[in-house]
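Remarks on the structure that follows.
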Amino acid sequence: MMLHVPEVLTREEVRALRAALDEADWVDGRATVGEQGARVKQNRQIPELSPAGRQWGEQILKVLLKNPLFFSAALPFRFVPPLFNRYEGGEHYGLHVDGSIRNVPGTHFQLRTDLSCTLFLSDPQDYDGGELEVVDTYGSHEVKLPAGDLILYPSSSLHQVHPVTRGARVCSFFWVQSMVRDDGRRSMLYELDQSLQRLRHRLGETEETVALTGHYHNLLRMWSEV
Ligand code: NI
């Protein structure tokens, strides 16, 4: 399932983060990929262990964990701390798949990448190209969102970032290990939760919404690994 989570950061938060990022030191983005990715990746990133980068990443996660739509869709268990990338002057990242297991930089911990996230920090009118294209069993989807919005997609998908031919595309990106590994099960839980919330909004709490909430939690209990 692909999901657009709008307004993760406010305009003000994006402005402050962009001002800091525009002053930061950027390095070759091939530092964080394997052999296959290195052949097709051309961009710049903030170094993984940069203290400032870590701090900005923490701020993003803090806000995101309070976002009910993100939580409902991702059911997050662990995160690889957010990184930051920048594409300009024709830079791009060709078709690739994200590695299934990632080390959390600076630790001995590893996690399984179930979901990939891109948080846009440039507005679409400020650059040309730079669409994130995700290919799944339902075809190919191109995504280019307002600054502050996030896209969530299964890490199992093939994807690419098209060349940026004008301006700069700045984003944060990171991976989530979900409490529910299977994308189909996770999507069903998301649909059930969203339907329940709409029912509750329309009818208030009823005997049926309480029973359905029980079913939701029993499925989550059956399917989650924490
Ligand atoms: Ni990728």
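For this structure, a couple of remarks:
- Coarse-grained scattering of region 136-225 at q = 0.23, 0.25 Å⁻¹, given as base-10 log I(q)/I(0) from a Debye sum over alpha-carbon atoms: -1.20, -1.28
- For the chain: rounded, prolate or oblate by the Cα gyration tensor [a/c cutoff 1.5]: prolate
- Nearest-0.05 FRET efficiency for Asp123 and Glu225, computed from C-beta distance (R0 41 Å): 0.60
- Measuring r between the beta carbons of Ser100 and Arg11 and using R0 = 30 Å, the FRET efficiency lands at 0.25.
- Overall form of region 47-123 per C-alpha gyration tensor (a/c, 1.5; a/b vs b/c): rounded
- Packing-based ranking, highest mean first, of 192-198, 40-46 given that Cβ atoms within 10 Å are counted: 40-46, 192-198
- Helix 51-65 and the longest principal axis of the C-alpha atoms of the chain enclose an angle of approximately 20°.
- A crude spin-label estimate for the pair Met1 and Gln55, with each label 7 Å from Cα along the Cβ direction, gives 3.6 nm.
Bear in mind these aren't lab numbers, they're just calculated from the coordinates by the rules spelled out. Keep in mind the model is a prediction, meaning the values are calculated, not measured. Methodologically, a virtual Cβ is constructed for each residue, glycine included, from the backbone with ideal geometry; neighbour enumeration extends over all protein chains shown.
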